[in-house]
Structures are given as C-alpha cells and as structure tokens.
1. From the set of residues in region 49-108 that are of a type in the set (Val, Ile, Thr) and outside any strand (DSSP E or B), which is farthest from ALA34 (Cα to Cα)?
2. Checking the structure you have, find out if any residue of region 11-21 is free of Cβ contacts under 8 Å to residues at least 60 places away in the same chain, surrounded by 15 or more Cβ atoms within 10 Å (Cβ to Cβ) and under 16 Å from the mean Cα position of the chain (by Cα).
3. Going by what's in this entry, would ALA67 be described as closer than 18 Å to GLU6 by Cβ and not hydroxyl-bearing (Ser, Thr, Tyr)?
4. So how many residues does region 49-92 have that are among the acidic types (Asp, Glu) and modelled with pLDDT of 95 or more?
5. Which one of these is within 13 Å of the chain's Cα centre (by Cα), surrounded by 16 or more Cβ atoms within 10 Å (Cβ to Cβ) and more than 22 Å from ARG104 (Cα to Cα): CYS68, CYS29, CYS83?
6. Please verify whether region 56-65 includes one or more residues that are loosely packed, with under 14 Cβ neighbours inside 10 Å and charged (D, E, K, R).
7. Would you call GLY4 closer than 21 Å to PRO88 by Cα, crowded, with 17+ Cβ neighbours inside 10 Å and among the small types (Gly, Ala, Ser)?
8. Out of all the residues in region 40-51, is one or more surrounded by fewer than 17 Cβ atoms within 10 Å (Cβ to Cβ) and under 22 Å from ARG108 (Cα atoms)?
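The values are calculated or read from the model by the stated rules, or taken from the named source; none is laboratory data. Here the structure is a predicted model, which means the values were calculated and not measured. Quick reminder, even Gly has a Cβ in these numbers, built from the backbone with ideal geometry, and neighbours come from all protein chains shown.
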Amino acid sequence: MNVGTEWLVDAEGCAADLLRDIETVRTLCEEVIADLGLRVVGDPMWHQFPQPGGVTGLYLLTESHLACHTFPETGLATFNLYCCRPRPPFAWEERLQALLGASRVTVRTAARGTEAAADHSLVEAKFSELTSAREVTSL
C-alpha cells in the first residue's frame, strides 16, 4: 500500500543573500503550502544561523511535513516535503529560480509504503541477478 509521496528538492547556484533572508525562504515555503492545499498544524519553526549561515524551517502539516535548509556558503537550498495523500505538481524549478536565483534544481520523488518497498526489493533482486551474471561471465 502506498502511504504517500516524498519530494526531495535541491536548488543549486542560489544567491547567498536570499538564502540568508528568512522572510524570502518563508515566503517560498508558504507558497508551496498554499499552492498544494496543505494544512499547517501550529506555528512553523524557524532558525536563523549566525552569519554567514542560512536558515532552517519546519512546518508540521496534517499531511506530514515540509522542511527546508539553506547553505549560503555553497549557494544550496534543500527542501523535503512528505504528503500522505496525492498532491498536484508544484513548479519547483520555476519558483526556486524566481525567488532564490537557483541555476539548477533537482527534484526527486519517492513513493512510501509497502508498494515502494516491494519495488525496491525487485530492483535489488534484478541487480543481484545482473551482478551474479557478470561474475560468472568474467570467470
């Protein structure tokens, strides 16, 4: 049974000053929440690191969570969104480029639950089969 989807998002080449600006990053997170129709439980938690550090934010959602971490020293922002119910796509690339100046955005998704574990087991079995075939071939 699939119990949700997790998005792992890396934004590279971001402007350091924007990654240090807690309001800019908060605006982005709140845009994600609004566009996807997510529901926040309680107040979000934010931490501003001392200069030259970035920010960390965490939203507890009825659907699970949204977390972000910024690294101005390397121009990187990372986001993790987990939802236990289907959600429409979010324009990660477009919004991270517009709000943080990202030059490259990587979005990975992972299905969560027993179906995902079964898929992983099939991949591992196939890999093992291929590795064994290569070992025999090389003898």
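1. Applying the filter and picking the extreme gives THR74.
2. No: zero hits.
3. The answer is yes for ALA67.
4. 1
5. CYS83
6. So far as region 56-65 goes, no, none of its residues is loosely packed, with under 14 Cβ neighbours inside 10 Å and charged (D, E, K, R).
7. Answer is yes for this residue.
8. There is no residue in region 40-51 that is surrounded by fewer than 17 Cβ atoms within 10 Å (Cβ to Cβ) and under 22 Å from ARG108 (Cα atoms).
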